[in-house]
Amino acid sequence: VKKKLAKPEQILALTFTEKAASEMEERVDKAMPYGYFQMNISTFHAFADQILKENGFQIGLSPSYRLMTEAETIIFLKQNLFLFELKYFRPLGNPNKFLEALLQHFSRLRDEDISPEDYIKWAMKKSSFAEASADEEEKYLELAKAYQSYQKLKIKEGLMDFADLVYYLLQLLQKRPNILKRYQLQYPFVLVDEFQDTNISQYQLIKLLSPFKTNPKLTVVGDDSQAIYKFRGASVSNIINFIKDYKKTKQITLKNNYRSNQTILDVAYKLIKNNDPDTLEFRLGISKNLISTKPVETQNFASLQKSHINYHLAENVEDESGHVAKQILKLSKIYKYSDFAILVRANNHSEPFVKSLIRAGIPYQFLGPGTLYKQPEVKDLIAYLRLLYNLEDSPSLFRLLYMDIYSLDKKDVSLLLTFSKKINQSLFQAIEIYLSFFDVSIHRSGYEIYKKYLPLLKSETKQKLLVIYKMIVKHLELLKTNTAGQILYYFLEESDLLLTLTNYKNETQEKVAVNISNFFNKLKMFESEHEDASVFAVVDFINMSIEMGESPLIAKTDIASFNAVNILTVHSAKGLEFPIVFLVNLTEERFPTRHKKETISIPNTLIKEILPTGDYHIEEERRLFYVGLTRAKDQVFLSSSKFYGEGKRIRKISRFIIETLGEEFVNKETELKKEQKF
């Protein structure tokens with residue numbers, strides 16, 4: 001643009017996440033002179049959405065289609081399951097057994113740019129099943145027809161899921177050459193970031209917008225060492241194919257690293273070399289040994305390794321998490337808490353570390369998926385909605401009674417719970433029976449039989465219980481006419497929680513207020529997109545979202561906005577950086593995880609990508625470990641434990657620790673640990 005070779009509106013820049021797109025936009029904004037039109041910087045999905053909204057009607061799509069989340073697609077499939085001709089994939093005893101697997105399969109098919117028609121054609125070909133049983137043949141035909149029904153049903157209902165966006169954009173551009181020509185002329189300059197994360201469909205889209213025969217002005221940036229989204233359909237082979245397809249490609253190897261010190265880069269390189277020959281470096285004969293731009297330190301490698309890369313072998317997970325907390329406290333004299341990140345392979349691995357941080361009085365924030373719905377204050381609100389949804393949900397009512405705002409005597413709550421078990425009634429029913437002996441308006445003659453079991457509660461508890469009971473009854477009457485968001489707002493008002501939230505006095509209270517505000521924003525969004533935003537619809541959606549681990553992030557603000565230790569999965573850490581990184585739970589079967597095959601896999605003959613020669617699961621896990629290591633600017637702490645949970649068998653140290661630090665280093669640490677023990 002500065003050299004006047006292109007106008008900003010002729011440039012299309014595509015990336016994967018909203019965060020990456022907005023960061024790119026910000027940088028370009030600063031670099032561009034004033035008075036220029038904004039260029040189109042967006043995610044693949046947002047770009048596809050924009051074009052389909054304008055032109056989708058030309059292939060029979062509703063211009064006002066609604067995008068469903070993953071949780072909504074499962075609810076949609078569940079509601080329409082009996083419209084599909086399913087036999088094997090809808091077992092009579094458990095018709096919902098394959099819901100998630102079917103949706104994942106349909107999504108992967110569109111990632112591979114396989115249409116229902118192609119799938120049916122393949123399933124009907126006898127040659128496709130040369131060595132397979134008749135049963136196998138029948139299963140795939142059932143799947144192909146179900147895929148076709150699923151696509152048709154969504155179009156009929158004016159609905160789409162995320163995998164549909166690029167899939168239908170491809171169809172539009174292939175079937176309507178005039179529209180394709182318009183966008184080729186509009187965007188002669190195409191830039192793609194994080195190219196290693198593209199799937200087959202996204203690469204097809206790039207090839208349509210910038211056909212190699214026209215010698216296009218196309219720039220793609222990718223690092224195969226950071227290709228960690230195979231489970232989302234990403235195909236590392238796209239980078240290899242790109243060089244074959246675009247023969248006049250000019251290769252530029254970016255070797256300067258502005259984040260990590262040289263020690264971290266060297267050990268990460270040593271690790272990733274174990275993926276040869278399935279690396280770009282090996283295939284193209286180039287060097288990807290990164291060079292740190294940080295000042296070179298005078299110490300030798302061995303002493304550097306001790307300070308920049310540390311390894312701790314713990315006896316058990318409590319010892320491991322305690323060691324992490326101790327290191328954070330020690331280093332917090334130099335660093336802020338927000339400078340630390342604890343990276344876990346899976347969300348459920350974080351619990352011992354959370355407990356250790358709480359015990360040590362260290363503030364933390366969990367940044368993985370499913371975080372907003374996991375916050376205690378949000379869980380309280382969800383519990384109230386669940387109670388209105390089902391009055392017999394005693395755990396939700398128990399959570400409500402334990403809320404700080406009510407300050408109910410804990411012994412009295414326990415006595416109430418015992419009373420409900422004694423009379424074999426739900427907690428709500430037990431409260432109603434108890435209160436009926438003190439309030440004539442509630443009394444029922446049938447309750448007399450329970451009089452002898454009544455607990456002796458404090459009069460203050462009795463008054464508070466009556467207020468809570470009357471509020472619940474009042475809100476039950478609003479279920480037909482009010483949305484879940486409106487009823488929750490009344491709850492905040494009537495419980496005086498709203499007053500507390502608006503007058504926060506410290507950072508912790510502010511965080512609570514922000515989380516509740518984000519939860520209400522989520523409810524508002526749900527209301528604007530759904531005709532039915534009742535408590536029943538919202539609870540179904542939240543339950544499914546939690547099950548799918550699809551809860552929104554706590555906040556879209558900068559992660560450093562709270563001075564707290566960050567706990568997140570390695571996948572969630574992609575694109576982020578922290579001065580100090582702890583990579584934990586590093587044993588075989590935890591990191592790397594045990595390989596889980598797809599419940600319903602795409603037949604190899606339909607897959608369009610080049611499959612690696614090595615163990616692709618271990619290679620992907622190794623790339624994920626590489627991403628974890630290279631999030632660190634100054635120091636990495638690696639740790640593993642001999643035992644996890646109730647296990648009695650000593651766990652094997654992760655092969656990635658040995659590949660990173662070397663067998664000699666790990667053996668020394670292990671021997672040292674044995675000596676300390678004795």
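Within segment 55-75, the set of residues being in contact with a helix residue (DSSP H, G or I) (Cβ under 9 Å, 6 or more places away or on another chain) and in a helix (DSSP H, G or I) comprises 55, 56, 58, 59, 70, 71, 72, 73, 74, 75.
In the set (1) polar (S, T, N, Q); (2) in a helix (DSSP H, G or I); (3) at pLDDT 85 or above, the condition left unmet by residue 639 is number (2).
Evaluated against (1) among the β-branched types (Val, Ile, Thr); (2) under 19 Å from residue 186 (Cβ atoms); (3) modelled with pLDDT under 90, residue 51 falls short on exactly one condition, (3). If I filter segment 76-99 for residues that are buried (at least 19 other Cβ atoms within 10 Å of the Cβ) and either in a strand (DSSP E or B) or on the phi > 0 side of the Ramachandran plot (or both), do I get at least one hit? Scanning segment 76-99, I find no residue that is buried (at least 19 other Cβ atoms within 10 Å of the Cβ) and either in a strand (DSSP E or B) or on the phi > 0 side of the Ramachandran plot (or both), so the answer is no.
For segment 178-211, taking the residues that are of a type in the set (A, V, I, L, M) and more than 14 Å from residue 43 (Cα to Cα), the one that is surrounded by the most Cβ atoms within 10 Å (Cβ to Cβ) is identified as 200. Of the residues contained in segment 381-392, none is found to be under 23 Å from the mean Cα position of the chain (by Cα), within 30 Å of residue 593 (Cβ to Cβ) and surrounded by fewer than 17 Cβ atoms within 10 Å (Cβ to Cβ).
Mind checking whether some residue in segment 65-73 is of a type in the set (Ser, Thr, Tyr) and touching a strand residue (DSSP E or B) at 6+ places or on another chain (Cβ under 7 Å)?
Residues of segment 65-73 that are of a type in the set (Ser, Thr, Tyr), as a first pass: 65, 69, 73.
When the remaining residues are screened for being touching a strand residue (DSSP E or B) at 6+ places or on another chain (Cβ under 7 Å), the result is 65.
Looking through segment 65-73, at least one residue is of a type in the set (Ser, Thr, Tyr) and touching a strand residue (DSSP E or B) at 6+ places or on another chain (Cβ under 7 Å).
The residue that is surrounded by the most Cβ atoms within 10 Å (Cβ to Cβ), counting only those in segment 239-284 that are among the hydroxyl-bearing types (Ser, Thr, Tyr), more than 30 Å from the chain's Cα centre (by Cα) and assigned to a loop (DSSP other than H, G, I, E, B), is 246. Among the residues making up segment 472-511, none is under 22 Å from residue 564 (Cα atoms), touching a residue at least 24 places away in the same chain (Cβ under 8 Å) and of a type in the set (A, V, I, L, M, F, W, C).
For segment 365-405, which residues satisfy the criterion of being among the hydroxyl-bearing types (Ser, Thr, Tyr) and at pLDDT below 90? 371, 373 - these are the residues of segment 365-405 that are among the hydroxyl-bearing types (Ser, Thr, Tyr) and at pLDDT below 90.
One residue is enough: does segment 407-418 have a residue meeting the conditions of a type in the set (Ser, Thr, Tyr) and surrounded by 18 or more Cβ atoms within 10 Å (Cβ to Cβ)?
Let us first name the residues in segment 407-418 that are of a type in the set (Ser, Thr, Tyr), namely 407, 414, 418.
Those left that are additionally surrounded by 18 or more Cβ atoms within 10 Å (Cβ to Cβ): none.
No, segment 407-418 contains no residue that is of a type in the set (Ser, Thr, Tyr) and surrounded by 18 or more Cβ atoms within 10 Å (Cβ to Cβ).
In segment 164-177, the residue that is surrounded by the most Cβ atoms within 10 Å (Cβ to Cβ) out of those that are aliphatic (A, V, I, L, M) and in contact (Cβ under 8 Å) with a residue 60 or more places away in the chain is 169.
Can you say whether residue 426 is in contact with a helix residue (DSSP H, G or I) (Cβ under 9 Å, 6 or more places away or on another chain) and of a type in the set (Ser, Thr, Tyr), as far as the supplied structure shows?
Values: in contact with a helix residue (DSSP H, G or I) (Cβ under 9 Å, 6 or more places away or on another chain): yes; of a type in the set (Ser, Thr, Tyr): yes.
The answer is yes for residue 426.
Applying the criterion of being in a helix (DSSP H, G or I), at pLDDT below 90 and surrounded by 11 or more Cβ atoms within 10 Å (Cβ to Cβ) to the residues of segment 649-675, the residue that is nearest to the chain's Cα centre (by Cα) is 666. Here the helices (runs of 4 or more DSSP H) wholly within segment 130-211 that include at least 1 residues being within 19 Å of residue 14 (Cα to Cα) and of a type in the set (D, E, K, R) are 162-175, 177-186, 200-209. Any residue that is at pLDDT below 90, within 31 Å of the chain's Cα centre (by Cα) and not in a helix (DSSP H, G or I) - is there at least one of those in segment 614-622? Yes, some residue in segment 614-622 is at pLDDT below 90, within 31 Å of the chain's Cα centre (by Cα) and not in a helix (DSSP H, G or I).
Of all the listed residues (364, 335), the sole one being in contact (Cβ under 8 Å) with a residue 60 or more places away in the chain and more than 11 Å from residue 566 (Cα to Cα) is 335. Taken over segment 410-446, the residue count meeting the criterion of being modelled with pLDDT of 90 or more and either in a helix (DSSP H, G or I) or outside the structural domain of residue 499 (by TED's automatic domain parsing) (or both) is 23. Considering (1) within 28 Å of residue 204 (Cβ to Cβ); (2) modelled with pLDDT under 90, the lone condition that residue 29 does not fulfil carries the number (1). Of all residues in segment 597-644, those satisfying the criterion of being of a type in the set (Phe, Trp, Tyr) and surrounded by fewer than 20 Cβ atoms within 10 Å (Cβ to Cβ) are 616, 643, 644. Of all the residues in segment 44-75, those that are under 26 Å from the mean Cα position of the chain (by Cα), buried (at least 18 other Cβ atoms within 10 Å of the Cβ) and of a type in the set (S, T, N, Q) number 2.
Against the test of being buried (at least 21 other Cβ atoms within 10 Å of the Cβ) and either more than 25 Å from residue 628 (Cα to Cα) or of a type in the set (Lys, Arg) (or both), the options 431, 442 yield a single qualifying residue, 431. Considering only segment 455-476, I want to know if a residue exists there that is over 42 Å from the mean Cα position of the chain (by Cα), at pLDDT below 95 and surrounded by 18 or more Cβ atoms within 10 Å (Cβ to Cβ). Yes - at least one qualifying residue is present in segment 455-476.
Specify which of the listed residues (324, 317) is in contact with a Phe, Trp or Tyr (Cβ under 7 Å, 6 or more places away or on another chain) and modelled with pLDDT under 95. Can you show your working first?
On the way: 324 fails: modelled with pLDDT under 95.
One residue alone meets the criteria, 317.
Does residue 254 count as more than 25 Å from residue 614 (Cα to Cα) and of a type outside the set (S, T, N, Q)? Considered against the rule, which asks whether it is more than 25 Å from residue 614 (Cα to Cα) and of a type outside the set (S, T, N, Q), residue 254 comes out as yes. Of the helices (runs of 4 or more DSSP H) lying entirely inside segment 304-409, those containing at least 3 residues that are in contact with a helix residue (DSSP H, G or I) (Cβ under 8 Å, 6 or more places away or on another chain) and assigned by TED's automatic domain parsing to the domain that holds residue 486 are 376-389, 394-401. Filter segment 329-352 for residues that are of a type in the set (Lys, Arg) and surrounded by 19 or more Cβ atoms within 10 Å (Cβ to Cβ) and give the result. Of everything in segment 329-352, just one residue is of a type in the set (Lys, Arg) and surrounded by 19 or more Cβ atoms within 10 Å (Cβ to Cβ), namely 345.
The values are calculated or read from the model by the stated rules, or taken from the named source; none is laboratory data. Source: prediction; values computed, not measured. We place every Cβ from the backbone using ideal geometry, glycine too, and count neighbours over all the protein chains shown.
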